[in-house]
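The structure appears right after this line, and notes come after that.
The values are calculated or read from the model by the stated rules, or taken from the named source; none is laboratory data. Everything numeric in this text was worked out from a predicted model, so none of it was measured. Cβ atoms come from the backbone with ideal geometry, glycine included; neighbour counts cover every protein chain shown.
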Amino acid sequence: MPEVVDHLAALTEFRDRDVVDVTLVGVFRDLLRPESAAIYRPVGDPETLHWLTRARLRAHETTPSADSVWAELSDLPALPALPQHERCLREQLPLSIACAEGTMSLFPLSTDREVVGVLELRTRMPLGSEQMQLVCSMLRVYRNFQGLLDDSERDTLTGLLNRKTFDGSFLCVAAQQDDAEDTGAQADRGGLRRRTSWLGVIDIDRFKSVNDTHGHLIGDEVLLLIARLMRSSFRYRDQLYRFGGEEFVVLLRGGSTEQARVAFERLRANVARYVFPRVGTITVSVGFTRIRPGDTPAGAFERADKAVYHAKQNGRDQVVHHGDLLERGLLVERSHTGAMELF
């Protein structure tokens, strides 16, 4: 019992989802001594989901492995490639299947909102009733803890990340940035890959008139649908935030200037062609900027917000790159103060 309590403490010690998943496979490796423990999560568009290995720990290993957050979807196995895992995800029930190692036990991983993945345990012998009960109890703790993380990190209405989680995520991304804007990825001196990432600010055009004309319930529905369109427009590794009101933010991880522009343009076009119930057509104005090495959240946000302001002042329903404004002389950046002026 003390060992179980220690592992419960370890599971709830950190407020980071990646660390929680890594800790969970370590808990099961220590308590059940399986051949391996792994967590798989479906990522990508709903029509073309792939399996991302969040954490895997084998019996002889001391450090878990995982798929890189930069992995391309095409390099990950499609959902049908692991049919039993797909079945576990779909039916939301544990499964036990004979395999080369002995038995593969699968358990759905869920939060209060949805089923988010599958836990895989490979053991020489089928799990006994007490072991099954232990797994299910640990997964209830996992679900409850994920719910607490959701409450603290997620916007209540849309389910997107909230503003108070932004700064920490931004600083992690900024620490990986390369000076070159259009390479997409560079190798640093240690041979590690450094990435060019982007911050985008998205503002719903004339949203106040939606609330004034149709009421706040319809306005909330518009916000929910915008969040859904954002999820379908960006990649699984991009981080999506609602900052409040009609303002949204995206941390776009990796890619050249043109690739970033295409991604934000895809969202703009998806919103423009969508028919919102009771409201009809809605548009968004988008401003984006490259995240610079050593950037601050406030500095990058200000640059993207200036681009949004330019978009709104010049017709709305468009995507504007902060760097383009500088090159065209429409924006002057004073490097010694960080102040900017629009002309």
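For the reader, a short list of remarks on this structure follows.
- Selected residue (only one of R15, R87, R58 is at pLDDT 95 or above, on the phi < 0 side of the Ramachandran plot and among the basic types (K, R)): R87
- Residues of the stretch 292-304 satisfying the condition of being over 25 Å from R316 (Cβ atoms) and within 20 Å of the chain's Cα centre (by Cα): P297
- Hey, L223 outside any loop (DSSP other than H, G, I, E, B), at pLDDT 95 or above and surrounded by 16 or more Cβ atoms within 10 Å (Cβ to Cβ) or not: yes
- A38 meets the conditions (1) surrounded by 18 or more Cβ atoms within 10 Å (Cβ to Cβ); (2) of a type in the set (G, A, S); (3) under 17 Å from the mean Cα position of the chain (by Cα) in every case but one. The failed one is (3).
- Reported count of residues in the stretch 68-92, each being of a type in the set (A, V, I, L, M), exposed (fewer than 15 other Cβ atoms within 10 Å of the Cβ) and more than 12 Å from V43 (Cβ to Cβ), is 1.
- Among residues of the stretch 57-67, those that are surrounded by 11 or more Cβ atoms within 10 Å (Cβ to Cβ) and part of a loop (DSSP other than H, G, I, E, B), counted: 5
- Sole exception among (1) in the same structural domain as F28 (by TED's automatic domain parsing); (2) under 20 Å from the mean Cα position of the chain (by Cα) for T156, by number: (1)
- Each residue in the stretch 27-45 was checked for being of a type in the set (D, E, K, R) and touching a Leu at 6+ places or on another chain (Cβ under 7 Å), and 2 pass.
- Of residues in the stretch 240-252 being surrounded by fewer than 20 Cβ atoms within 10 Å (Cβ to Cβ) and touching a helix residue (DSSP H, G or I) at 6+ places or on another chain (Cβ under 8 Å), the one nearest to R54 (Cα to Cα): F243
- Only one of the numbered conditions (1) touching an Asp or Glu at 6+ places or on another chain (Cβ under 7 Å); (2) of a type outside the set (A, V, I, L, M); (3) more than 24 Å from M132 (Cβ to Cβ) is violated by P46, and that is (1).
- As for the stretch 265-286, it holds no residue that is basic (K, R) and either closer than 23 Å to C172 by Cβ or crowded, with 22+ Cβ neighbours inside 10 Å (or both).
- Evaluation of G215 against (1) modelled with pLDDT of 95 or more; (2) buried (at least 17 other Cβ atoms within 10 Å of the Cβ); (3) over 16 Å from Y274 (Cα atoms); (4) of a type outside the set (A, V, I, L, M, F, W, C) (one fails), failing number: (2)
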